[in-house]
Amino acid sequence: MLDENPKPYPPSDDFVKNAHVDADRYKAMYEASVSDPETFWGEEGKRLDWITPYTKVKSTDFTLGQVDIKWFEDGVLNVAANCIDRHLKDRADQTAIIWEPDEPDAEALHITYRELHEKVCRFANVLLSQGVMRGDRVVIYLPMIPEAAYAMLACARIGAVHSVVFAGFSPDALANRINNCDAKLVITADEAPRGGRKTPLKSNTDAALLHCSDKVRCLVVKHTGGQTTWIENRDVDVKAMMETVAPDCPVRPMGAEDPLFVLYTSGSTGQPKGVVHTCGGYLLYASMTQKFTFDYHDGDVFWCGADVGWVTGHSYIVYGPLANGATSLMFEGVPTYPDASRFWQVIEKHKVNQFYTAPTAIRALMGQGTEFVEKCDLSSLKVLGTVGEPINPEAWNWYNENIGKGKLPIVDTWWQTETGGHMITPLPGATPTKPGSATLPFFGVQPVVLDPQSGDEIETVEAEGVLAIKDSWPGQMRTVYGDHERFEKTYFSDYKGYYFSGDGCRRDADGYYWITGRVDDVLNVSGHRMGTAEIESALVAHIAVAEAAVVGYPHEIKGQGIYAYVTLMNDQEPSDELRKDLEKWVRTEIGPIAKPDHIQWAPGLPKTRSGKIMRRILRKIAENDYGSLGDTSTLADPSVVDDLIANRKS
Ligand code: WTA
């Protein structure tokens with residue numbers, strides 16, 4: 001049985017002594033941040049270098065129909081200057097990025113701030129030479145190589161808006177994103193090595209570009225040297241061109257509210273939406289959370305194990321750490337290649353001080369046994385972090401005992417692509433932790449627990465309901481690219497006056513928050529966010545499929561698995577071959593991360609008389625939980641359910 005209120009783990013006295021923030025300071029700063037946000041953020045905003053300082057701090061409105069979010073709106077700055085140029089005075093020779101390649105025997109790179117400056121300037125000059133202008137969108141489809149960071153920062157330097165697409169997405173998914181944001185250019189590499197295998201990114205991009213305007217140009221980073229086709233007048237060899245352009249490039253002054261990037265993420269309906277983050281508030285929030293959540297100190301080596309294709313990589317590999325003049329480690333590989341000790345070997349090799357990963361990775365490594373950990377020296381570690389999904393107590397305990405040796409603070413950070421940075425998280429020198437709880441809000445964040453039916457705030461300390469946020473914070477997304485109405489509808493219409501997160505939560509007697517998972521049709525598969533609607537629309541696009549319904553079910557390693565109910569066209573017969581074909585189909589339509597774990601043939605789906613699919617029932621069947629199917633009397637044809645139960649794939 002889960003202990004509803006376990007004994008907290010306080011930080012050690014030694015840790016508290018050196019921490020940026022202890023318990024008293026947290027309380028005082030938090031109080032100041034919510035009682036007078038203008039003054040608090042007005043002061044904190046000075047952490048950034050402004051070309052023209054702001055005079056206005058906060059101008060935000062959550063009212064449906066007029067949602068408008070602006071921070072530091074009249075300030076002018078450049079994000080790349082904040083992440084690079086301003087550090088050149090004091091830390092030009094400090095390593096900015098440590099790059100650890102997929103193959104452990106290949107050479108790791110240590111890129112100093114001076115080198116980073118030159119690479120980013122050259123990259124920016126290549127973009128300019130291709131006609132990229134301020135405000136133009138640039139899609140980045142790269143492996144975890146330094147060029148991914150160069151490309152992002154080069155866009156920021158010249159005021160272009162990047163949209164990074166995870167290298168695991170298929171050509172179709174890439175094409176959709178290029179078209180949705182009307183990108184002028186896509187940056188890719190010949191191949192993406194991962195876990196000893198290579199994904200052919202350039203040929204994926206070639207396939208994607210068949211569905212895009214022929215004006216879209218393609219910059220190619222020759223990374224592995226693998227053979228690719230080459231289309232004259234469209235494809236550009238970036239590395240070769242970087243050698244020919246000037247090593248310096250002036251920064252473009254940008255308004256605080258000019259867009260910095262668009263990042264596509266899954267919602268409960270329709271196609272992925274382009275989450276827009278802007279320059280000033282986002283950068284301030286990413287940098288503050290990186291510093292305080294991980295208690296980052298000058299000279300530390302910080303490793304966020306996410307991919308730059310996700311928001312975690314944006315905020316905690318690139319923008320947050322570099323804004324703070326940190327040393328950020330970027331890892332090309334996977335935790336289990338060549339074997340399950342790789343993470344721990346990388347920590348030993350580069351003397352990592354803060355390590356940030358996802359519960360799914362911990363669970364996968366936990367299953368391999370402790371001998372992979374024991375042979376590595378992890379004594380450099382000071383703080384451990386997790387993100388992406390609720391961490392189960394078993395995984396927390398394993399992480400604590402084997403990696404933290406029972407001594408290190410673990411920060412379980414709850415946040416979203418939409419929030420730009422951590423929202424609910426322990427601060428390691430201030431917050432006693434409880435396994436499985438994201439604990440308390442970051443500065444300026446006012447979480448509320450709402451009654452899901454009435455939408456009223458539950459005022460008691462102990463509460464259970466849906467998680468919403470009462471007021472804006474600087475890292476908040478500003479809009480959905482090209483569709484502000486969708487932005488308002490998705491986040492501000494269900495519960496008026498609040499930002500609705502889509503997550504359920506519980507607040508315990510100490511005021512700690514426990515995230516209970518999504519309350520909408522968004523899945524969290526191995527920490528990757530997937531919309532059931534996207535997978536369903538991929539399935540029904542297959543010629544054999546009449547209808548499909550996708551739900552999540554608990555999965556030991558992935559957190560959630562993908563369970564698809566498929567109704568075939570009348571002239572189709574179920575077969576293992578067709579099942580494989582459908583799996584392959586989803587991989588091509590979206591990418592390997594969306595491949596269903598289970599496909600169940602469903603002659604009919606449970607629907608209400610008005611034709612709405614009753615997902616609640618499908619979820620229960622997928623979970624093998626038939627005792628609590630609830631009321632099925634409103635179904636148009638209740639016998640459908642008996643059939644699904646009888647044929648459930650075990
Ligand atoms: C889930 C990832 C519990 C949550 C940064 C959220 C978490 C979604 C946690 C956002 C956590 C993230 N505990 N659940 N510490 N962190 N989530 O946009 O459901 O990829 O809404 O951002 O992940 O996923 P996204």
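A few points about this structure:
- Exposure of Ile111 as accessible area (Å², to 10), given a probe of 1.4 Å and all protein chains: 10 Å²
- Heavy atoms of Tyr626: accessible area, 1.4 Å probe, square angstrom to 10: 80 Å²
- Over 19 Å between alpha carbons, listed pairs Lys27/Lys407; Lys382/Lys405; Lys202/Lys239: Lys27/Lys407
- Note on Glu394 and Thr39: the extension gain reaches 123.6 nm, defined as 0.36 nm multiplied by sequence separation minus the Cα-Cα distance.
- Between Asp74 and Val540, the modelled labels are 5.1 nm apart [label points 7 Å from Cα along Cα→Cβ].
- The chain: calculated mean residue ellipticity at 222 nm from DSSP helix runs of at least 4, using -39500 (n - 2.57): -8000 deg cm²/dmol
- The count of lysine pairs in the range 526-647 with alpha-carbon distances below 21 Å, taking only pairs 8 or more places apart or on different chains, stands at 9.
- Relative to the Cα centre, the charge distribution of the range 526-647, modelled as +1 at Lys and Arg Cβ and -1 at Asp and Glu Cβ, gives a dipole magnitude of about 480 debye.
- Net lengthening on full extension, Ala246/Asp105 (0.36 nm per residue, minus Cα-Cα): 47.4 nm
- Here the peptides 274-285, 332-343 are ranked by packing, the mean other Cβ count within 10 Å, and the order with the highest first is 274-285, 332-343.
- Note on the chain: with charges restricted to the Cβ of Lys and Arg (+1) and Asp and Glu (-1), its dipole about the Cα centre is near 860 debye.
- The chain - percent of accessible surface contributed by carbon and sulfur, probe 1.4 Å: 49 percent
- Ranking Thr229, Thr419 from most to least accessible surface, computed with a 1.4 Å probe over the protein chains only, gives Thr229, Thr419.
- Beta bridges per DSSP with both ends in the range 446-605, % antiparallel, nearest 5: 90 percent
- Accessible area per residue for the chain is 39 Å², calculated with a 1.4 Å probe on protein heavy atoms, without ligands, DNA or RNA.
- Cysteine residues of the chain whose C-beta has no other cysteine C-beta under 4.7 angstrom: Cys83, Cys155, Cys181, Cys212, Cys218, Cys279, Cys304, Cys376, Cys505.
- Only protein heavy atoms count here; on that basis, with a 1.4 Å probe, Ser129 has an accessible area of about 60 Å².
- Bridgeable aspartates and glutamates around Lys46 (alpha carbons under 12 Å apart, same-chain partners fewer than 8 residues away excluded) are absent.
- Residue order for Met133, Met477, Met569 - accessible surface, 1.4 angstrom probe, largest first: Met133, Met569, Met477
- Gain in span if fully extended, Tyr626 to Arg609, counting 0.36 nm per residue against the direct Cα distance: 3.9 nm
- Radius, Kirkwood style, for the chain when every pair of distinct Cα atoms is counted (Å): 25.5 Å
- Rg and Dmax [Cα atoms of the range 337-449; Å; Rg one decimal, Dmax integer]: 14.4, 45
- Relative packing of 542-550, 116-124, which averages over residues the other C-beta atoms within 10 Å, highest first: 116-124, 542-550
- Put simply, when 555-565, 71-81, 399-409 are sorted by average Cβ atoms within 10 angstrom per residue, most first, you get 71-81, 555-565, 399-409.
- The residue list Ile391, Ser341, Gly325 was ranked by how far each Cα lies along the charge dipole of the range 289-405 toward its positive end, using unit charges on Cβ atoms, and Gly325 comes out on top.
The values are calculated or read from the model by the stated rules, or taken from the named source; none is laboratory data. Every value quoted in this text rests on a predicted model; they were computed, and no experiment measured them. We place every Cβ from the backbone using ideal geometry, glycine too, and count neighbours over all the protein chains shown. Ligands, DNA and RNA are excluded from the accessible area calculation, which covers all protein heavy atoms including side chains. Shrake-Rupley method; radii C 1.70, N 1.55, O 1.52, S 1.80 Å.
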